[in-house]
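Asks: Following this message is one structure expressed as structure tokens.
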Amino acid sequence: MKHNQLLLLTCIFILWGNGMKAQVNAPSIIPDRVILNLTEDPSTSVAVTWRTDTTVTNAVVEIQPAAPMIDAKASKTFSGKTSTQKYSWGEEPEIVSHHHSCIITGLKPGKKYAYRVGYPDHWSEWFQFQTASDIASPFSFIYFGDPQNDLKSRWSRVIRAAYRYQPDCHFMLYAGDLINRAGTDREWHEWFLAGSFIYGMVPQMMTPGNHDYNDLTLDPHWNKQFTLPANGPKGLEGTCYVVDYNNLRLISIDSAVDSELENENGWQMQTQKAWLDSVLRTNTRKWVIVTTHLPFYSPKANRDNKVLRNNFQPILEKYKVDLVLTGHDHSYGRGKTTDNPQSGHEVMYVVSVSGPKMYEAGDKDWMERSGSFKQLFQAITIDNNELIYKSFTADGELFDEFKLSKNE
């Protein structure tokens, strides 16, 4: 082979390789990024979302009660919605995707189901999940602070360790900053690689962080690749909402939308306060947990979110909220406290981090337990009148634990 021919072939292979690398996150005709989300009523419904290229225009789900063998003839078919989204970020190649979303209804409480998404000859694998029970019974879930960085290489170990520890967990909860740069499809590609099949088996719940926003604009991926409840204030669909899971009322407050709540009189702040009061006033569940990105009390020495406390803490204490789960500060802090000792109720506040981006924790009076430079996950079990909380390091060591109890 002549020298110039060899050079030409070499250039072609280099260009081809670079092109393949650049498009590693591109969608195809085969469904990918399959993810379950909690609905308003997880005992009778579940939401599923997935992605394909733009040649696929149908959103089809086949589902059947879980059994020792899959029987395709036993499946019930649901049709969902399809939308197109173009993603462009920096020097990344443009990605155009079809996102398919379906809310599966009419399910039986506490039952296992198998499902797949796609259409004939282009199905996903079969996944399996379990609905929430409609009677008070023990259940567990996993809580993560910010994943954010090095998602494929370093955060993947944490979510997989959590799933290995609690493979029967009923859902997973994220306190914001799922990725680092809002809008970049490559980081979402890594997030989905890290969790892989887990997302299709375990319903996910997430509240957004400041890194899930670009200024005041929510990452366009958020409501395309997640199908979260839209039962919160208008304009905050998928970021501020409520889920009733068994005997737990679980509430997401969007604390990233008002530029980290610096605007105390912003419409989002006032709207969410009124909504939260109404949601707690009508609550009939035994336990109440609130999740939001910004900590009410920061572990970090030079951070404080007094505006958040001034506006929301009186509501939490008025209705005796049990637990608040947060992220943002990339260290660990946990304690039961209040700014108003006369309120008669102290909420347990937790700040945690699951990704490898770390800050030093301060030494603040509110903290009963603190820690720095540890990737963590938390397993939380609710069993009637008892809430059992355990925090673990990425290598499986118990780092912190406590119990909350209620009288009959």
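The values are calculated or read from the model by the stated rules, or taken from the named source; none is laboratory data. This one's a predicted model, so the numbers in the text were calculated from it and none came from an experiment. Positions of Cβ are generated from backbone atoms using ideal geometry, with glycine treated the same way; all protein chains shown enter the neighbour counts. Note: areas computed on protein heavy atoms with side chains; ligands, DNA, RNA excluded. Shrake-Rupley method; radii C 1.70, N 1.55, O 1.52, S 1.80 Å.
Asks: Probe 1.4 Å, all protein chains in place: accessible area of GLU92 in Å², nearest 10?
Replies: 30
Asks: Moving on. Give me the aspartates and glutamates in straight-line cross-link reach of LYS286: C-alpha distance below 20 Å, same-chain residues under 8 apart excluded.
Replies: Qualifying aspartates and glutamates at Cα under 20 Å: GLU40, ASP41, ASP134, ASP244, ASP277, GLU317, ASP322, GLU346, ASP383, GLU386, GLU408.
Asks: Still on this model: Beyond 23 Å between alpha-carbons counts as too far, so tell me which of LYS273/LYS300; LYS234/LYS357; LYS81/LYS152; LYS336/LYS364 fall in that bin.
Replies: LYS273/LYS300; LYS234/LYS357; LYS81/LYS152
Asks: Grab the DSSP H runs of the chain that are 4 residues or longer, score each as -39,500 (n - 2.57), total them, divide by all residues and round the 222 nm result to the nearest 500 deg cm²/dmol.
Replies: When only DSSP H runs of four or more count, the value is -5500 deg cm²/dmol.
Asks: Which whole-number percent of Cα pairs in region 161-262 have a distance greater than 22 Å?
Replies: For region 161-262, the share of Cα pairs beyond 22 Å comes to 32 percent.
Asks: Same structure, new question: With all protein chains present, calculate the accessible area of HIS99 using a 1.4 Å probe and round the result to the nearest 10 Å².
Replies: Its accessible surface works out to 10 Å², give or take rounding.
Asks: Something else about it: Before I look further, what does region 200-240 give for accessible area per residue, probe 1.4 Å, in whole square angstrom?
Replies: Normalised by residue count, the accessible surface of region 200-240 is 33 Å².
Asks: Using the beta-carbon distance between LYS286 and PHE373 and R0 = 35 Å, what value does 1/(1 + (r/R0)^6) give for FRET efficiency, to the nearest 0.05?
Replies: 0.45
Asks: Given a 1.4 angstrom probe, I'd like the percentage of the accessible area of region 185-315 that is carbon and sulfur, rounded to a whole number.
Replies: Carbon and sulfur atoms account for 48 percent of the accessible area of region 185-315.
Asks: Still on this model: Place the peptides 100-111, 181-192 in order of packing, highest mean first, counting for every residue the other Cβ atoms within 10 Å and averaging per peptide.
Replies: 181-192, 100-111
Asks: Determine the order of GLU386, GLU91 by accessible area, beginning with the largest, at a probe radius of 1.4 Å.
Replies: Highest to lowest solvent-accessible surface, that is GLU91, GLU386.
Asks: Sticking with the crude label model, points 7 Å out along Cα→Cβ, report the distance from LYS112 to ASP150 in nm, one decimal please.
Replies: Computed distance between label sites LYS112 and ASP150 equals 3.6 nm.
Asks: Can you figure out the FRET efficiency of ASP339 with ALA230, using R₀ = 35 Å and their beta-carbon distance, to the nearest 0.05?
Replies: For ASP339 and ALA230, the calculated efficiency is 0.60.
Asks: Return the Rg/Rh value of the chain, two decimal places, where both radii are evaluated on C-alpha atoms and Rh is the Kirkwood radius.
Replies: A ratio of 1.00.
Asks: Within region 313-331, whose backbone N sits under 16 Å from a point 7 Å along Cα→Cβ of GLU346?
Replies: Those under the cut-off are 317-318, 320-324.
Asks: Continuing with the same structure: Quote the FRET efficiency, to the nearest 0.05, computed for PHE197 versus LYS403 with a Förster distance R0 of 35 Å and r equal to the Cβ-Cβ distance.
Replies: The calculated FRET efficiency here is 0.60.
Asks: Under a plain spin-label model, where a point goes 7 Å from the Cα along Cα-to-Cβ, how far apart in nm are ASP215 and ASP363?
Replies: 4.3
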